[in-house]
Amino acid sequence: MDTIIYLIQNMLPVATPLLLVALGGMFSERSGVVNIALEGIMLFGAFFGCLTVYFIDGTTLNPQIILVIGMLIAALAGILYSMLLSFAAVNMKADQTISGTALNMFIPAVILLFCKMKFNSDGITNHVKFFVKEVPGLSKIPILGPLFFEKTYITVYIGIVLLVISIIIFYKTRFGLRLRACGEHPHAADSVGINVYLMRHSGVAISGFLGGIGGFFYSVGIMDGNVNGHTGVAGFGFLALAVMIFGQWKPLQIFFAALFFAFLRTLAYSVALIPFLSSLNIDQTFYKMLPYVATMLVLIFTSKKSRAPKAEGIPYDKSKR
Amino acid sequence: MRNSTFSPKLKSQASMLMKSKGMASLAAALLAIALGLIVGFFVMLIASPESAFNGFTTMLFGGLGRLGDVFYFATPILMTGLSVGFAFKMGLFNIGASGQYTFGMFFALYAGFMWELPPGIHWIVCILAGMVGGMLWGFIPGLLKATLNVHEVITSIMLNYIGMYLVDMFIINNAKMYVPNMTRTAYLPSSAQIPSLGVPNSNVNLSIILAIAIAIILFVVLNKTTFGYELKATGYNKHASKYAGMSDTKNTILTMIIAGGLSGLGGAFAILAPSAIAGSSMTYEPINVIAANGFNGIAVALLGSSNPIGIIFSALFISHLGRGGSLVSAFYGYKPEIIDIVIAVIIYFSAFAMLMSVAVGKLFRKRNRGEVVRGPNASLTNHVKGKNENKEA
């Protein structure tokens with residue numbers, strides 16, 4: 001039982017960034033823009049979030065308030081960075097995969113350059129204690145208390161709130177309906193007066209917002225508030241893409257897919273604590289590969305019947321009907 | 001502007017040249033490079049304004065004094081660039097060049113350390129082993145794409161990580177290859193090293209000549225064989241080529257195997273090189289980092305607009321920039337990451353530079369309307385269209 005509680009406590013902060021970034025990818029792709037730049041957007045958000053934390057650390061602010069401020073800056077940074085993608089993809093009608101790759105390559109170099117010049121290191125190191133030992137009151141609930149309200153980060157709760165908001169925007173608003181129309185049949189959407197370019201810009205901007213926050217939450221929940229130009233976000237942006245495909249571009253399914261991947265990763269990193277697995281004496285490397293191998297297997301089993309947005313990746317051109 | 005003083009014949013020839021496809025992609029590449037360099041200059045201005053101008057000129061021309069090194073560092077990225085470019089021709093984005101490169105490097109190392117062979121043959125066997133390693137790692141995404149329609153970008157990214165972890169594990173667990181207190185691989189036996197070209201103070205070796213020869217062979221394959229034709233046809237329009245009876249499944253798998261083999265060769269060329277210190281060779285440090293040469297290959301392929309001959313020059317150019325960058329960091333204290341930023345900016349702009357050059361061409365055409373041949377220009381826009389459309393599937 002203790003092992004299960006431990007695994008779930010550790011899984012949730014890992015699942016949150018995956019969930020948010022995959023939701024971001026969903027908004028972008030359902031509007032018709034392939035967002036392979038999620039990795040870069042995450043790192044950009046994480047960098048600015050951590051930089052903010054670095055500057056306001058030492059003031060008398062409560063660590064959780066610092067986290068929220070960092071999150072807002074990260075979200076803003078993510079939006080700005082994602083605009084580079086939507087400018088290339090929507091206005092310049094460029095190949096979306098290539099411009100996304102360029103954005104992914106750009107930011108690690110910027111972080112390394114900046115941190116080497118300013119801190120003489122490969123990244124930013126923070127010492128703020130974001131960790132929540134227990135949520136007063138709620139942690140006393142039997143079973144649920146230790147599972148969800150002990151030894152965690154508030155990122156988990158913010159993540160759930162953002163998931164609910166995303167579902168509402170996606171399915172219950174006029175904006176969500178229009179966005180989805182632009183990813184399926186932009187010409188039809190255009191013919192009834194929807195501004196396809198604007199919708200695609202918004203889709204990418206939302207993915208920047210969620211991607212930036214997701215990146216910062218990765219720094220908080222997995223890296224203890226640090227960011228590093230060499231390791232970056234360890235392929236989480238790409239894993240999030242796989243989570244999105246596994247979740248079939250639908251918010252709730254993405255949520256469960258994110259939990260599944262986070263569970264595998266947590267398992268991989270806590271082998272030593274689980275007597276059964278550590279007695280098997282398998283090289284640690286195999287566990288580290290587990291999330292990536294699982295992604296491949298999942299894609300192999302789901303790709304045949306996967307339903308990607310129809311107009312995804314095709315630049316919209318009014319004159320081509 | 002009174003252009004009409006020129007003889008009409010000369011003028012129409014010049015405009016034909018301006019609008020040919022090769023010229024357009026050259027112009028696009030130059031435009032992207034110029035924009036990338038401008039950004040690099042601004043970064044230098046911000047970092048330390050007083051030596052920005054000297055730093056910038058060193059970055060641009062510093063490599064000329066070290067041509068041997070330029071050629072040496074160009075070899076691996078020339079191979080990964082060919083790999084990415086070759087797959088591009090078929091509409092596949094081989095972002096997995098990095099994993100294939102690492103796997104090729106491991107196979108070459110394994111053959112170098114574990115097999116005892118006579119001196120003249122050993123290094124050739126090692127190179128071939130590297131090629132096989134890369135082919136293996138390219139085969140997997142090709143097979144999955146062709147049979148199960150799994151997107152090659154995601155699978156090859158996953159394979160980059162899996163390959164990196166596997167190779168690092170294999171090397172650390174192998175007592176003959178790995179020197180624990182150096183946390184690096186040992187020096188390769190001299191029989192496994194590629195013969196040096198003997199340029200003083202440089203690691204340049206025979207592999208650059210092999211790499212250029214391979215690029216020329218690829219150019220011939222793409223332009224003069226049925227396979228190359230089918231490949232390009234599938235890249236332009238998947239459905240039409242299928243209708244014409246070309247096997248999409250076979251060509252996809254074959255393309256990825258070849259692309260993987262090219263990257264694997266890149267890894268073998270990089271690791272089998274003798275170093276400038278007598279008796280030593282290149283070593284590999286297994287620290288769980290994905291090989292950067294694979295991603296630089298994407299830049300090289302895009303700059304060379306996926307043309308094998310263009311890729312030779314773009315690999316030399318990127319390598320030249322890299323040498324300049326290391327000189328800049330040695331003399332003026334700039335960090336070498338500036339070059340990575342410049343390369344990323346170049347890729348970003350080259351993604352839509354083709355369209356920019358079309359727009360510039362249109363502007364040019366408006367001036368002397370009426371005298372322009374329509375043909376080549378229409379084929380150019382079609383080409384761009386085709387590129388966008390093949391993403392549909």
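The charge dipole of segment B:41-185, taken about the Cα centre with unit charges on the Cβ atoms of Lys, Arg (+1) and Asp, Glu (-1), comes to about 160 debye, rounded to the nearest 20. Quick one: among A:GLY100, A:GLY40, A:GLY212, which has the greatest mean-square fluctuation in a GNM of chain A with alpha-carbon springs under 10 angstrom? For chain A, modelled as a Gaussian network with Cα springs under 10 Å, the answer is A:GLY100. Separation of segment A:45-101 and segment A:213-228 by C-alpha centroid, Å? What the calculation gives is 12 Å, centre to centre. Taking a ≥ b ≥ c as the square roots of the eigenvalues of the Cα gyration tensor, segment A:146-254 is prolate, since a/c reaches 1.5 or more and a/b is larger than b/c.
Amide hydrogen proximity for B:VAL150: with H placed 1.01 Å from N in the peptide plane, the residues at 5 or more positions away or on another chain lying under 5 Å are B:LYS145. Ordered by the count of other Cβ atoms within 10 Å of each Cβ, fewest first, A:ARG174, B:ARG323, B:ARG66 give A:ARG174, B:ARG66, B:ARG323.
Determine the shape class of segment B:72-309: with a ≥ b ≥ c the square roots of the Cα gyration tensor eigenvalues, call it rounded for a/c under 1.5, and otherwise prolate if a/b is greater than b/c, oblate otherwise. It comes out prolate by the Cα gyration axes. A viscosity of 1.567 mPa s and a temperature of 4 °C, combined with the Kirkwood radius over C-alpha pairs in the Stokes-Einstein formula, give the protein assembly as shown a diffusion coefficient of 48 µm²/s. When chain A is described by a simple charge dipole with +1 on each Lys and Arg Cβ and -1 on each Asp and Glu Cβ, the residue from A:GLY78, A:LEU138, A:ALA268 located farthest towards its positive end is A:GLY78. Ranked by how many other Cβ atoms sit within 10 Å of their own Cβ, fewest first, the residues B:LEU272, B:LEU218 fall in the order B:LEU218, B:LEU272. Calculate, for A:SER319 and B:GLU285, the FRET efficiency according to 1/(1 + (r/R0)^6) with r their C-beta to C-beta distance and R0 45 Å; round to the nearest 0.05. E between A:SER319 and B:GLU285, to the nearest 0.05, is 0.25. Residue by residue, segment A:181-197 carries 3J(HN,Hα) couplings of 4, 5, x, 8, 8, x, 5, 5, 4, 5, 5, 9, x, 7, 7, 4, 4 Hz when phi is fed to the Karplus relation 6.51 cos²θ - 1.76 cosθ + 1.60 (θ = phi - 60°); x denotes Gly or Pro. Between helix A:155-172 and chain A there is an angle of about 20 degrees, using the helix long axis and the longest principal axis of the Cα atoms.
Amide H contacts under 5 Å for B:LEU197: B:ASN205, B:LEU206, restricted to partners 5 or more places along the chain or on a different chain, H placed in the peptide plane at 1.01 Å from N.
Pairwise alpha-carbon distances in segment A:105-164 exceed 13 Å for 72% of all pairs. Comparing A:PRO315, A:SER303, A:TYR287 along the charge dipole axis of segment A:266-321, the residue lying farthest to the positive side is A:PRO315, per the Cβ-charge model. Taking 0.36 nm per residue of separation and subtracting the current Cα-Cα distance, fully stretching the chain between A:ASP224 and A:ILE167 would add 17.6 nm. Counting beta carbons within 10 Å around each of A:GLU184, B:GLU116, A:GLU312, A:GLU29 and listing the fewest first gives the order B:GLU116, A:GLU184, A:GLU312, A:GLU29. On the beta carbon distance between B:HIS239 and A:LEU177, with R0 = 41 Å, the FRET formula returns roughly 0.85. Computed over chain A, the alpha-carbon pair-distance distribution with 20 angstrom bins reads 32, 56, 11, 0, each value a whole percent.
P(r) of segment B:110-151 in 5 Å steps, Cα pairs, percent per bin? Over segment B:110-151, the share of Cα pairs per 5 Å bin runs 5, 22, 19, 14, 11, 9, 9, 7, 3 percent. Computing FRET efficiency as 1/(1 + (r/R0)^6) for B:PHE331 and A:ILE65, where r is the C-beta to C-beta distance and R0 is 56 Å, gives about 0.75. Phi angles of segment B:40-47 translate, via the Karplus equation with coefficients 6.51, -1.76, 1.60 and θ = phi - 60°, into HN-Hα couplings of x, 5, 5, 4, 5, 4, 5, 5 Hz per residue; Gly and Pro are given as x. Averaged over peptide B:158-164, the number of partner chain Cβ atoms lying within 10 Å of each residue's Cβ comes to 6. Packing around the peptides B:145-152, B:333-340, B:174-181, taken as the average count of other Cβ atoms within 10 Å per residue, puts them in this order, highest first: B:333-340, B:145-152, B:174-181. Scalar couplings 3J(HN,Hα) for segment B:24-35, obtained by applying the Karplus form with A = 6.51, B = -1.76, C = 1.60 to θ = phi - 60°, are 4, 6, 5, 4, 4, 5, 5, 4, 4, 4, 4, 5 Hz; x denotes Gly and Pro. Inter-chain neighbour count for A:285-293: the average number of beta-carbon atoms from partner chains within 10 Å of each residue's beta-carbon is 5. Is the C-alpha gyration tensor of segment A:1-79 telling us rounded, prolate or oblate? Criteria: a/c under 1.5 is rounded; beyond that, a/b larger than b/c is prolate, otherwise oblate. Cα axes put segment A:1-79 in the oblate bin. In this structure the amide hydrogen of B:GLY91, modeled in the peptide plane, comes within under 5 Å of no amide hydrogen from residues 5 or more places off or on another chain.
Quick note: the coordinates plus some simple rules give every number you see, no bench work behind them. Treat the numbers as computed from the prediction; the structure is a model and nothing was measured. No Cβ is skipped: glycine too gets one built from the backbone with ideal geometry, and neighbour counts run over all protein chains shown.
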